[in-house]
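Trainee: I have a structure here, written as structure tokens, and I will follow up with some questions on it.
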Amino acid sequence: MSMAISQTSLRVLLVEDNPDHVLLIRRAIRDLGGEHNVDTVNDGEHAITHLETTDLFPDLILLDINMPGYSGFDVLAWLRDSPRHKHIPVVMLTSSEAGSDVARAYELGASGYIPKPSHYQDLRALLNNTMLYWSAMRRHNVVPVTEADNE
Amino acid sequence: MSSPVVLVVPENGRQFGLLSKALRGAGVGEVHQAEGAADTIRWLGLYHCDACILSYELPGKRNGIETLFDIRNHRPDLPVIMVSRSNSEKVAVEAFHAGVLDYVPASRGYEHAVAGLIKQIEAAPAAGQDVVPAQIVPPNVDEHLLRPTYQNRLRVIGRNLDLYGYRRVNILEVDGGFIVRASPQNSRGVETLEFVGKQFAQLIANATQSRGDGERAFSHPTGLLPTGYEDFLRAVGYLLDQHAAEAITVSELEELAVVGGVGRVDETGVSRYGPIQWLFRSDDVAVLLDRAYKQRREAAPRQPVGGGKGLFRRL
């Protein structure tokens, strides 16, 4: 029987260049309660530098696809090639409805995606569910299987 | 705090009526109305309120954000919740930058979300005390039918979807309840419905009173779900409970339903937790309904209360 879920706090790395989206996503995560910790970087290059230098790996990366410089796909490919980082779950943030972007993200090893809708309420609900999901995965020590593991 | 005083600055009389009704339903004793920016500032200069609900769209020249700046000059610490007909991200960003407590875009039932926020403000000094509304529990109903399992909670969501003719349904479990996106009857649009955790006890009691443990025995227009959402979601919920699932989603596609979440998965005799993803086509749905019904009957062999119709049959 499932009752109210007690959330495990997550350390989240948000990679997003649009300051408005950063505000909304941080706000939505804050409103979930719990003690989630959100680090933010505003492009792919900074994301890689951050991940290479930190010892505190995020439990979840929210990664925008369209960014100046390295795209979200570039960062995702780097993550999945890196033995230290390949198991970190990555949820892509996409503002396009293009199925090809979603398909490519899954091919590269994304764990999921959130369309960045114009409706704040939808964004909040999707993020809420995503955080619940990965909290549960972390609580049960489940490591996502990536394409790299299957090769 | 005793019953809070709330000032509502609506777009129009209809919006005030909806908000006022929801607030009073939530136990707010005093609800006042101001019309537009100038009237709001005049009101705040004369009277006291504990919170303000401010529409982004207002009569007159000043919109809700501009009015909020005026309010801040008089009451810098007044909790303000902004409501808006617009669902745009731009308005949400503007509102948060302007320091609103929360932003609630218009969608079906948004006035209840606002009333809930006001109750939170009211309860703030006594944090940790959970107020549970009085419930009307029907007599002679098995306790297992009233538990907040996935089976029972998804069932009442399905019941509401059936009653109001929704289709193309997506369900997300969120902290404290479920968000449902669905197309209403005779419309191509999509509406958002919220099922909050505390509502479930009463909703489950209502559903049980109406249909008891019974199975639906009439046809439903969608090919994928032959007996409607209530039975389908109840059967899905039964399976989710058996897998001790969490953080679930249910998405209805054209000829396929997809259920996701985290739960216990069994592989080659080993049980572990992991991601769940189940796909149900129409044939699978019929099998799912049959199996769930039979297993429920074995687990609780008592005579059903309400409108029991016997074993599900494929129609």
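Trainee: In Å² (nearest 100), what accessible area is buried between B and A, both sides summed, heavy protein atoms only, 1.4 Å probe? Could the numbers behind the result be given before it?
Mentor: On the way: alone 16450 and 8280 Å², together 21840 Å².
Counting protein atoms only, the buried area is about 2900 Å².
Trainee: Determine which lysines satisfy two conditions relative to B:LYS294: a Cα distance under 17 Å, and not lying fewer than 8 residues away in the same chain.
Mentor: Reachable lysines: B:LYS309.
Trainee: Which residues' amide hydrogens lie under 5 Å from the amide hydrogen of B:ILE276, considering only partners 5 or more residues apart or on another chain, with H built in the peptide plane?
Mentor: B:GLY261, B:VAL262, B:GLY263
Trainee: A further question follows. Would you tell me the mean number of C-beta atoms belonging to other protein chains that fall within 10 Å of each C-beta in B:242-254, as a whole number?
Mentor: Across the residues of B:242-254, the mean count of other-chain Cβ atoms within 10 Å is 3.
Trainee: In debye, nearest 20, what is the charge dipole magnitude of the stretch A:57-141 about its Cα centre with +1 on Lys and Arg Cβ and -1 on Asp and Glu Cβ, if you could check? Could the numbers behind the result be given before it?
Mentor: Working: 8 positive and 8 negative charges, 72 e Å.
Dipole of the stretch A:57-141, to the nearest 20 debye: 340 debye.
Trainee: Sticking with this structure for a sec: Please compute one quarter of the surface area of the Cα convex hull for the stretch A:11-139 and express it in square nanometres.
Mentor: Value for the stretch A:11-139: 7.3 nm².
Trainee: Given a Förster distance of 45 angstrom, what is the FRET efficiency for B:ARG147 paired with B:HIS48, based on the Cβ-Cβ distance and rounded to 0.05?
Mentor: For B:ARG147 and B:HIS48, the calculated efficiency is 0.55.
Trainee: So, one more: Output ³J(HN,Hα) for the stretch A:78-89: one whole-Hz value per residue in order, computed from phi by the Karplus curve 6.51 cos²θ - 1.76 cosθ + 1.60 with θ = phi - 60°, and x for Gly and Pro.
Mentor: Using θ = phi - 60°, the values come out as 4, 4, 6, 8, 8, x, 6, 10, 5, 8, 6, x Hz.
Trainee: Also, I was wondering about something else. Highest GNM mean-square fluctuation, chain A, Cα pairs closer than 10 Å: which of A:ASP55, A:ASP81, A:ASP20?
Mentor: So, out of A:ASP55, A:ASP81, A:ASP20, the one fluctuating most is A:ASP55.
Trainee: What is the magnitude of the charge dipole of the stretch B:143-299 about its Cα centre, with +1 placed on the Cβ of each Lys and Arg, -1 on the Cβ of each Asp and Glu, and no other charges, expressed in debye to the nearest 20?
Mentor: Charge dipole of the stretch B:143-299: 280 debye, to the nearest 20.
Trainee: Could you go through the stretch B:184-195 in sequence order and give the Karplus-derived ³J(HN,Hα) for each residue, using 6.51 cos²θ - 1.76 cosθ + 1.60 with θ = phi - 60°, rounded to whole Hz, and x for Gly and Pro?
Mentor: My calculation for the stretch B:184-195 gives x, 4, 6, 8, 9, x, 10, 10, 10, 10, 10, 10 Hz in order.
Trainee: Would you tally the net charge around B:HIS243, using a Cβ to Cβ cut-off of less than 10 Å, leaving B:HIS243 out, and scoring K and R as +1, D and E as -1?
Mentor: -2
Trainee: At a cut-off of 50 Å², which residues of the stretch B:52-100 become less accessible once all protein chains are present than in their chain alone, using a 1.4 Å probe?
Mentor: B:ASN87, B:GLU89, B:VAL93, B:PHE96
Trainee: Would you please give the residues with an amide H less than 5 Å from that of B:VAL174, counting only those at least 5 places away or on a separate chain, with H modeled from the backbone geometry?
Mentor: It is B:ILE179, by chain and number.
Trainee: May I ask which of B:LYS90/B:LYS119; B:LYS21/B:LYS119; A:LYS86/A:LYS116 have a Cα-Cα span longer than 22 Å here?
Mentor: Correct reply: B:LYS90/B:LYS119; A:LYS86/A:LYS116.
Trainee: For the stretch A:1-144, report the accessible area per residue in Å² (1.4 Å probe, heavy atoms, rounded to an integer).
Mentor: Dividing the accessible area of the stretch A:1-144 by its residue count gives 43 Å².
Trainee: Using a Förster distance of 45 Å, how high is the FRET efficiency between B:HIS74 and A:PHE57, based on the Cβ-Cβ distance and rounded to 0.05? Each step should come with its number before you reach the end.
Mentor: On the way: r = 48 Å, r/R0 = 1.06.
Rounded to the nearest 0.05, the efficiency is 0.40.
Trainee: Under 5 Å between amide H atoms, partner at least 5 residues away or on a different chain: which partners does B:ARG167 have, H built in plane at 1.01 Å?
Mentor: Under 5 Å from the amide H of B:ARG167: B:SER183.
Trainee: Another question, if that's okay. Name the residues of the stretch B:161-180 whose accessible area, probed at 1.4 Å, falls by at least 30 Å² once all protein chains are in place instead of their chain on its own?
Mentor: Output list: B:LEU172, B:GLU173, B:VAL174, B:ASP175.
Trainee: Beta carbons within 10 angstrom, averaged per residue: use that to sort the peptides B:156-168, B:238-250, highest first.
Mentor: B:238-250, B:156-168
Trainee: Which of the aspartates and glutamates could a cross-linker bridge to B:LYS61, judged by Cα under 15 Å and excluding same-chain residues fewer than eight apart?
Mentor: List returned: B:GLU11, B:GLU35, B:ASP39, B:ASP70.
Trainee: Run lengths n ≥ 4 of DSSP H only: what is the helix-derived mean residue ellipticity at 222 nm for chain A, with -39500 (n - 2.57) per run over all residues, to the nearest 500?
Mentor: -13000 deg cm²/dmol
Trainee: What's the magnitude of the charge dipole for chain A around its Cα centre, counting Lys and Arg as +1 and Asp and Glu as -1 at the beta-carbon? Answer in Debye, nearest 20.
Mentor: Magnitude of the dipole: close to 600 debye.
Trainee: Just check the stretch B:36-76 against the gyration tensor rule for me: Cα atoms, a ≥ b ≥ c as the square roots of the eigenvalues, rounded for a/c under 1.5, and otherwise prolate or oblate depending on whether a/b exceeds b/c.
Mentor: Prolate shape, in that a/c is at least 1.5 and a/b is the bigger ratio.
Trainee: Shifting gears a bit: Would you mind getting me the FRET efficiency between B:GLU255 and B:GLN199? Use the beta-carbon distance for r and R0 = 45 Å, nearest 0.05.
Mentor: Values: r = 32 Å, r/R0 = 0.71.
E(calc), rounded to 0.05, equals 0.90.
Trainee: Roll a 1.4 Å probe over the protein chains and send me the accessible area per residue for the stretch B:5-126 in Å².
Mentor: 44
The values are calculated or read from the model by the stated rules, or taken from the named source; none is laboratory data. Keep in mind it's a predicted model, so treat the numbers as computed, not measured. Positions of Cβ are generated from backbone atoms using ideal geometry, with glycine treated the same way; all protein chains shown enter the neighbour counts. We work out accessible area using only protein heavy atoms, side chains counted, and drop any ligands, DNA or RNA first. Shrake-Rupley method; radii C 1.70, N 1.55, O 1.52, S 1.80 Å.
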